[in-house]
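Remarks on the structure that follows.
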Amino acid sequence: MLQEYTPPKSKNVRRNKGGRLIPITLLALFCCAAISSQNASLRSTGNVPAFLRSRWDRFLLYFADPKTKIYRKASDGFNVVVDVAVLVMGEAAAFEKWYDNMKDIDKDNVNLVLIYASYDDAIQKQEDFHQANIDGVKSGQFVDFEAIPIIDKTWTEGRNILAAQALRKEKSRGKEFDYWFFLDDDVEPVCHPATDRLFGEGSCWQKVFNFLGSEAVPQKASTVALPSYFKDGFSAVTNVNGFNVAIKRSHISYFIPYTALKPGMSQWISQAAHMCVTGSCMPNSVVFIPLIYAENGQHRDYPKAGYTIKNIHEIVTESFHDTSINFTPCHDWIKFSDYQEGEFSTDTSRMIGPYQTGVELNEHMSFTNTSYCTPLRNRFAEWEEEMLLEEDPVTHTHLKLDEPKGESEKKDIIVMVMGEAASFQEWLDRLRDITDVKITFIFASYNEEVVIEPSPKQSAENNIEAQSFTKKDLYFHTLYISKKTWTEGRNRLAEEALRMEKLRGKEFAYWLFLDDDVEPVCHPGTVKFLGGGTCWQKIFNFISGDDVPEGASTISLPWFAKEGFTSTSNTDALFAAFKRDTIPYVLPYATLPKGSSEWISQAANFCVINTCLTDSSVFVPYINVKNTKSRPYSREGFNVENIFSVVTQNYHNLEPGFEPCHNWNTIGYYAQGEHSDSIVGPFRTSDELNQRIPPHKYEYCSPLRNRFFAWEKSIMESLPDDSSSTLQDDSSLASTLPDEDASSLPEDHVSSLLEDEISPFKDSDENVTIMALEE
């Protein structure tokens with residue numbers, strides 16, 4: 001077991017050329033810098049003094065054991081994703097270096113946003129970096145970044161501007177970061193060779209982020225930092241240099257904002273005030289990353305005058321003290337050594353450790369005194385409110401601080417997926433995590449029936465396992481559509497949507513049709529424009545938000561991400577969210593002769609939208625789609641003659657004079673808009689796009705609406721006469737479905753409801769299985 005190391009007395013402390021104190025441990029570490037991961041060479045410690053050799057040797061031998069690894073990759077079955085706001089302040093010329101550093105970070109394990117504040121000039125040619133992001137998405141080499149010019153701002157003011165932007169970023173994306181990582185632009189990490197196995201492979205920055213995302217970070221840590229020299233174990237201090245500090249988000253409200261300083265005051269004072277906060281509220285909670293240290297090569301000029309105990313005490317008193325509740329942190333810090341960095345103090349109590357593991361260090365760290373420091377949280381809350389009301393320096397807009405949506409405000413969407421039965425659970429898991437919308441989910445399986453396993457605790461009951469379902473805003477059932485074509489399956493789902501609307505007494509806002517292999521890819525920019533959460537959450541954020549143009553008939557996902565608001569007429573049907581008021585013009589899908597290519601029904605939809613709802617299929621910005629399986633189906637006969645025949649039979653004979661697409665005599669008319677340069681936009685706002693979408697031709701296309709109503713009537717005839725009763729608009733599916741006989745539903749129907757809600761169907765029909773879901 002590694003013992004706590006007590007640093008030697010001052011005789012074992014040397015000075016570098018600049019006069020800075022360097023404990024002898026640093027010299028020993030440099031002697032050992034060439035140590036390999038081989039056990040034999042790990043024991044070769046050269047001229048390391050005897051009092052160090054045993055501890056250093058055991059530390060490296062411990063980590064030479066293949067079983068010892070604090071960093072575990074996602075591919076090993078661990079969730080090691082860490083979410084970090086990287087907040088850098090420096091020269092504009094250094095931005096590209098930081099962009100390149102962050103570009104190479106593994107995006108599967110680290111989700112980061114780089115916010116760069118340049119104090120000498122604005123970042124030039126930012127559009128080149130945005131284009132590099134688009135080009136680098138496939139390889140993972142992209143950086144979600146924002147650049148802010150902060151000309152003539154002090155170090156302290158710049159840090160607060162970065163903090164405010166991190167706050168806005170969190171609000172816009174809908175979730176907090178794990179860390180706010182403040183850095184000066186000249187920080188450069190230096191990794192010991194042993195880190196390759198300890199922290200995983202990759203750049204030294206990659207290893208830093210791997211540590212932040214690992215379980216090795218002690219629970220009591222408030223901050224993680226790179227030390228000024230190697231640490232051969234886990235150690236912690238109270239006072240640390242502020243040139244690099246990764247503050248846990250849970251502790252931000254105690255440290256931010258940095259204290260306001262009087263003009264001309266030394267910037268060290270705001271750092272000293274931070275040390276006061278740490279010492280008063282969470283002593284010894286700044287944890288150093290072992291085996292990595294930081295260099296900062298550019299010591300720029302800034303005011304150093306006035307760094308006195310008197311001035312520090314004055315700023316701390318003005319910023320923090322509240323004598324009415326006896327909150328007077330650091331009132332007895334009367335000497336400079338109180339504000340000295342722990343690494344360079346001759347007082348051995350200023351640093352705890354090193355220990356062999358983060359767990360051991362955690363046991364020796366002090367307990368926090370956060371209840372005493374509540375006034376600091378209140379200070380942060382006031383600052384937070386003020387910052388969120390200010391204009392965003394990047395977008396020059398004000399953040400929308402919407403209240404959480406009430407039940408009646410949530411968009412009501414029916415999601416209809418057709419595919420293999422094995423895909424059902426994946427879709428259920430995906431949709432149950434979506435927030436701020438009401439979802440009804442219908443899954444149609446064509447290869448076999450969906451089997452929903454009962455919970456072991458509910459063996460005799462037909463209940464879904466409780467842990468697989470927790471949300472009230474999602475209801476689902478499944479269909480088995482054996483031997484149906486793609487077109488027949490889509491129409492079968494549409495029939496079910498009609499029944500659901502009829503039974504619950506109100507329409508959905510959107511009918512969203514999907515193939516089961518649809519996979520969205522989110523690009524940089526989605527968080528700013530579409531909010532936080534998963535890529536699917538961002539899609540639903542867009543569908544349910546205010547940025548959908550009024551003239552949109554459909555929301556689609558493009559094959560190639562669009563930087564802005566765009567639309568077209570012809571979009572692939574693998575993802576099609578139809579606004580409910582346009583459903584009568586696009587459904588049912590055209591009936592096809594047996595053996596026809598399924599593409600023809602999609603081509604017929606292109607004809608309808610081009611004719612009646614021109615350029616109204618709007619693409620979700622900054623997201624593209626992949627379909628990962630592309631299953632076999634009939635492609636023969638996809639030609640102009642066959643398409644024209646289907647269009648004529650389905651639409652032309654509805655009413656004299658209604659002959660859509662009668663002059664579409666080449667296959668090019670039926671090409672998707674992305675493949676034929678028929679794209680409207682991109683535009684910066686949805687309002688600009690809306691102005692370019694032509695008015696819908698509802699009157700001319702009324703025969704399509706009549707066709708839909710005739711089809712709807714035939715569907716509704718399968719429901720009992722008294723099922724048309726309507727209920728309140730703000731009720732959910734389970735509470736709006738009337739208590740009717742299960743015979744009103746088709747034999748291939750399986751329904752699910754929450755356990756504590758009344759079933760809408762009598763359970764006497766053996767063909768309908770009622771699923772109860774535990775909350």
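Observations on the structure shown:
- Centre-to-centre, using Cα atoms only, region 215-251 and region 319-355 are separated by 16 Å.
- Loop-located trypsin sites (Lys or Arg not before Pro) in region 564-642 (DSSP state other than H, G, I, E, B) with a sparse environment of at most 14 neighbouring Cβ atoms within 10 Å: 594, 629, 635.
- Packing around the peptides 598-609, 256-267, 690-701, taken as the average count of other Cβ atoms within 10 Å per residue, puts them in this order, highest first: 598-609, 256-267, 690-701.
- Hz values of 3J(HN,Hα) by residue in region 267-273 - Karplus curve (6.51, -1.76, 1.60), Gly and Pro given as x: 5, 5, 5, 5, 5, 4, 5
- Low-density loop cleavage sites - trypsin sites (Lys or Arg not before Pro) in region 480-559, where at most 12 other Cβ are within 10 Å (DSSP): 483
- Cα gyration tensor category, rounded, prolate or oblate, for region 544-700 with a/c compared to 1.5: oblate
- Here each label is just a point 7 Å from Cα along the line to Cβ, and for residue 250 and residue 203 those points are 3.0 nm apart.
- With every protein chain in place, region 166-310: carbon and sulfur % of accessible area (1.4 Å): 51
- Point-to-point label distance, residue 666-residue 331, nm (Cα→Cβ direction, 7 Å offset): 8.6
- Phi angles across region 494-510 convert, under the Karplus curve 6.51 cos²θ - 1.76 cosθ + 1.60 with θ = phi - 60°, into 3J(HN,Hα) values of 5, 4, 5, 4, 4, 4, 4, 5, 5, 5, 8, x, 7, 8, 7, 6, 9 Hz, Gly and Pro given as x.
- Across the cross-link table entries 107/304; 97/626; 125/626; 175/411; 207/538; 169/207, which are compared at the Cα atoms, the separations over 28 Å belong to 107/304; 97/626; 125/626; 207/538.
- Qualifying trypsin sites (Lys or Arg not before Pro) for region 147-207 [loop in DSSP, other Cβ within 10 Å: at most 15]: 175
- Carbon and sulfur %, accessible surface of region 551-691 computed with the full protein complex present, 1.4 Å: 50
- For region 492-607, the solvent-accessible area with a 1.4 angstrom probe is 25 square angstrom per residue.
The values are calculated or read from the model by the stated rules, or taken from the named source; none is laboratory data. Just so it is clear, the model here is predicted, and its values are computed rather than measured. Quick reminder, even Gly has a Cβ in these numbers, built from the backbone with ideal geometry, and neighbours come from all protein chains shown. Accessible surface areas use protein heavy atoms only, side chains included; no ligands, DNA or RNA. Shrake-Rupley method; radii C 1.70, N 1.55, O 1.52, S 1.80 Å.
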